[in-house]
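Data block below; observations after.
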Amino acid sequence: MSFKRTYAEINEKIKKGQAVVVTAEEVIGLVEQKGVAEVAREVDVVTTGTFGPMCSSGVFLNFGHPKPRIRMKKVWLNGVAAYAGIAAVDAYLGATELPDNDPENKHGPGRFLYGGGHVIEDLVARRPVRLEATAYPTNCYPRRRIETTITLDEINEAILFNPRNAYQNYNVAVNRSNKTIYTYLGMLKPNLGNASYSSAGQLSPLLNDPYFRTIGIGTRIFLGGGVGYVAWHGTQHSPCGTRGENGVPLGGAGTLAVVGNLKQMKPEWLRGTSLTGYGVSLTVGLGIPIPILDEEMLRYTAVRDEEIFAPLIDYSEDFPQGRPGNLGLVSYAELKSGQIMIEGKVVPTNPMSSYPAARKIAQILKEWIQKGEFLLTEPVALLPSADSGIKLNSLVERNGVNGK
Amino acid sequence: MVNQKVVLKFSAALVEQPIIYRLIKNYDLMVNIIKAEINPRREGSLIMELSGQPDNFQSGISFLEGLGVVVEPLSQTVVRDEERCSHCGACTVVCPVGALYMNRPSMEVGFDNEKCLVCGLCVSYCPLKAMDVKWGD
């Protein structure tokens, strides 16, 4: 007999402190012991987590109005530019922004010691941050310049808004050339010297709800150590690619745009990140609870590393030149074993995203729900899924406005 | 055989002398220089792995100390900030001797100080800047 469970029923149990919550790692063992049907009836919620560099992250800030007033045109926080082309004292600070004078890769692979991600971490850690802004004067905003120090608690708003987080699966990067290269997936040694991957695999949120049946607009989540929400599907959301028989995409697919109040987040879960030879980023802690509405949802959450496959992509030529194709698929179980075989060669693997931190996030979220502090939300609208027809376009280069 | 990692600190005057040459030639010691900061007419420091017969090793160290070189064992020189390390595992790709390694299946990053050559690659590479070098003392 099929069974159903509603969000309202789950939340009633959470409020009474009776909800049965397990992590996406724990549920695997339970299913091996008791089978899907029994565990689906027992477990109300499965929690997921991920902690990796997520470049498409940033924060909307409102600094408050000084006297006399200024309509900020250019804004810097600790020397890192924020986008001020919005209202008078609003700005958006992006995670990958660099200080104006950063040496970048001009003298070999840059170290990228400080940037937008680090400013965000400084703010969350309650460290004072230097604000500089310039402007042209208007009748209502006469001021040309301001320099001061701000703290997270004094400014009016700090809204973390990350347009593309929590990638559902991702490339595994390798290097077929004969020299070391530096990428957003880290250092890649020559001649297939290593394979670098970045996903929490069986713990990763969107790999546990592959068709976005429960993760949608309005879903309440763990974000940066606090509470956040899914705002929209993320940029480059691409749900229509190839999937395995279990529904899990065989490469980068869905993404999430997420939002939350930075003031209640924690520096432990939002870390400024330096990627040698590439740039700065923000390592984001993100966890999503998945309601077990029926057996199908339980089956999705019981997915194991052995059943999740990622494509091996050459980052020396194929990726930078935008060439299609890959060097084969490899499972996260193989990646986590420490070595894989590529073209008959044993290649050591290394992660870029922290599995222990992902596990800890799933555990924290589980405890919040068990304590009755965190209720589940039914999505206001679902995200585009495999039947949406979404196709990712490449950028076409044309001459002139009308092109040819 | 004695095998030890040592830190040598030279005064400005000693930098001009071929000390390592004498150490190898007169005391039959094997020298593997890990890091050197030697500049004309300035204080210098050198980290190396020194190995040889016990009596030669002792005599070699006495020779260095006799010249006024400060010799200290190299220990705890690369340190990990346990609060900052997220155990992502990125560092395991740059460590040339496997001193930083993945524990499986926990996927936590282990750090074996005994194996560490203090090359500093992890210090500059760590995405969260959790590794640091503490010099000699």
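The values are calculated or read from the model by the stated rules, or taken from the named source; none is laboratory data. Please read these numbers as outputs of a predicted model, since none were measured by experiment. FYI the Cβ positions are ideal-geometry reconstructions off the backbone, even for glycines, and counts take in every protein chain you see. When the accessible area is computed, the model is the full protein with side chains, heavy atoms only, and any ligands, DNA or RNA have been set aside. Shrake-Rupley method; radii C 1.70, N 1.55, O 1.52, S 1.80 Å.
Quick rundown of the values:
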quantity: Along each principal axis, Cα extent of region A:89-154, largest first, Å; calculated: 48, 28, 17
quantity: Accessible surface, region A:265-404, averaged per residue in Å² (probe 1.4 Å); calculated: 48 Å²
quantity: The protein assembly as shown: calculated mean residue ellipticity at 222 nm from DSSP helix runs of at least 4, using -39500 (n - 2.57); calculated: -5000 deg cm²/dmol
quantity: Shielding by other protein chains, B:121-132, mean Cβ within 10 Å; calculated: 4
quantity: Projected-area mean, region B:2-73, by convex hull of Cα positions, square nanometres; calculated: 4.0 nm²
quantity: Inter-part distance where region A:99-147 and region A:324-368 are each reduced to a Cα centre, Å; calculated: 35 Å
quantity: Entries of A:K336/B:K115; A:K106/A:K189; A:K16/A:K336; A:K189/A:K360 with Cα pairs more than 29 Å apart; calculated: A:K16/A:K336; A:K189/A:K360
quantity: Region A:138-245, relative contact order [Cα under 8 Å, separation at least 6], %; calculated: 18 percent
quantity: Tilt relative to chain B, helix B:54-67 - C-alpha long axis, 0 to 90 degrees, to 10; calculated: 70 degrees
quantity: q = 0.13, 0.29 Å⁻¹, region A:1-51: log10 I(q)/I(0) [Debye, one scatterer per Cα]; calculated: -0.34, -1.14
quantity: Amide H contacts under 5 Å for A:N175, placed H, 5+ residues apart; calculated: A:L192, A:G193, A:N194, A:Y315
quantity: Total accessible surface hidden between B and A, rounded to 100 Å², 1.4 Å probe; calculated: 1900 Å²
quantity: Computed over region B:78-133, Kirkwood Rh from alpha-carbon pairs, angstrom; calculated: 11.0 Å
quantity: Taking chain A and dividing mean pair separation by its residue count, relative contact order in percent (alpha carbons under 8 Å, at least six apart); calculated: 25 percent
quantity: Pairs from B:K5/B:K25; A:K74/B:K129; A:K67/A:K263 whose Cα-Cα separation, in the structure shown, is over 21 Å; calculated: A:K74/B:K129; A:K67/A:K263
quantity: Residues whose placed amide H lies under 5 Å from that of B:K5, excluding near-sequence neighbours; calculated: B:L50, B:L74
quantity: Within the accessible area of chain A (1.4 Å probe), percent carbon and sulfur; calculated: 51 percent
quantity: Sorted peptide list for A:256-262, A:313-319, A:178-184, criterion being average Cβ within 10 angstrom, highest first; calculated: A:256-262, A:313-319, A:178-184
quantity: Exercise: per-residue mean of other protein chain Cβ atoms within 10 Å, B:91-102; calculated: 3
quantity: Region B:78-133, accessible surface, carbon-and-sulfur percent (1.4 angstrom probe); calculated: 51 percent
quantity: Chain A: C-alpha gyration tensor shape, a/c 1.5 cut-off, then a/b vs b/c; calculated: oblate
